[in-house]
1. If I take R0 = 45 Å and measure r between the Cβ atoms of residue 350 and residue 182 in this structure, what FRET efficiency does the formula 1/(1 + (r/R0)^6) give, to the nearest 0.05?
2. If packing is taken as the average count of other Cβ atoms within 10 Å, what order do 215-221, 25-31 fall into, highest mean first?
3. In what order do 376, 49, 37 fall by count of nearby beta-carbon atoms within 10 Å, going from fewest to most?
4. Would you mind checking the radius of gyration and Dmax of the chain based on alpha-carbon positions, in Å?
5. Over region 304-388, what is the relative contact order in whole percent, taking alpha-carbon pairs under 8 Å and six or more residues apart?
6. At 7 Å along the Cα-to-beta-carbon direction for both residue 281 and residue 7, put a label point, then send me their distance in nm to one decimal.
7. Name the most mobile residue of 337, 157, 18, meaning the one with the largest mean-square fluctuation, in a Gaussian network model of the chain with Cα contacts below 10 Å.
8. For region 203-276, what does the relative contact order come out to in percent, with C-alpha contacts under 8 Å and a separation of six or more?
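Rule-based calculations on the coordinates, nothing more; no lab input. Here the structure is a predicted model, which is why all the values come from computation and not from measurement. Cβ placement follows ideal geometry from the backbone for every residue including glycine, while neighbour counts extend to all protein chains displayed.
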């Protein structure tokens, strides 16, 4: 299995927490905070860190420059609109990186071209080619995104992708910018582009999915199964509007269901929880309790049926180990749904060994009290034991 795993191509993990994630309302970060997160992303082992949008402000330019000067193991990327000024700023920002990348984009959907850019398709095509060529003159690694690809016309999308690769793009990113596509549709779109674009084999295909309909991770994984070899994501899934595909969910899906994917991921997943907490604390965006992988309930079992199963064999209700993503262990919080076996185990851990008769009386008292409390804590168990006599 190990040999088969390493025979698979690597899935490139492109993290945009510091760029798209920072665009979450209220989530702006200082240069020092961005640096701290960038260094943790490097330790996690992400392949590409999109450190910011250098043309957006002098502060962001300086922050991306600083990160490019410190990070050595991950590529450092700067975002740029398809304009000379943006591209030049991005080149300036990442030039000193060990592995510099410029990511340039322009909208390609009829709606965006007509209403936002107010440009005809041919002009958009020319701007895309010019931006990629200018970026390639500055760095060897250039990514191009046709913004709102999910709502673009396939024929025009083929043309602009072919032109971008011809101009020197090494990665082609297909964004579902507004989270509109369904997984099977998005997979078909990616597969269609890879099959129809004549020079598709000269670039890595990537996806960038938003979560407006709650399908960013599903769409990204469907695209990977269709041939994409880079996924763009953020820690905790933060980002514009409903956010982006969550890095922790993408990584653990591929690790846990490796047989379903034609590629592998190489990140140190044991660092995921600590990084999730750092991003949450830095941005002030709390992680919901039932969030997959990093939510406090992700490895917690309160139902008596589940607790009994987990006490007998964790794999009955856990498809991955809590420790593999940075938790100390799973947890069996006690409440009104808890079963006798979990209560007895916790009592024993607290030094209260009860025979079957005493346990019957204790558990009846526990159930009576648990109906009126959200959780039963250790001090409650001590008190109940004292009350039992």
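1. Working: r = 50 Å, r/R0 = 1.11.
Working from the Cβ atoms, E equals 0.35.
2. Per-residue mean Cβ counts within 10 Å order the peptides as 215-221, 25-31.
3. 376, 37, 49
4. 24.8, 85
5. Details: 63 pairs, mean separation 25.5, N = 85.
Averaging sequence separation for qualifying contacts and normalising by length gives 30 percent for region 304-388.
6. 4.4 nm
7. 337
8. Taking the mean separation of contacting Cα pairs over the length of region 203-276, I get 29 percent.
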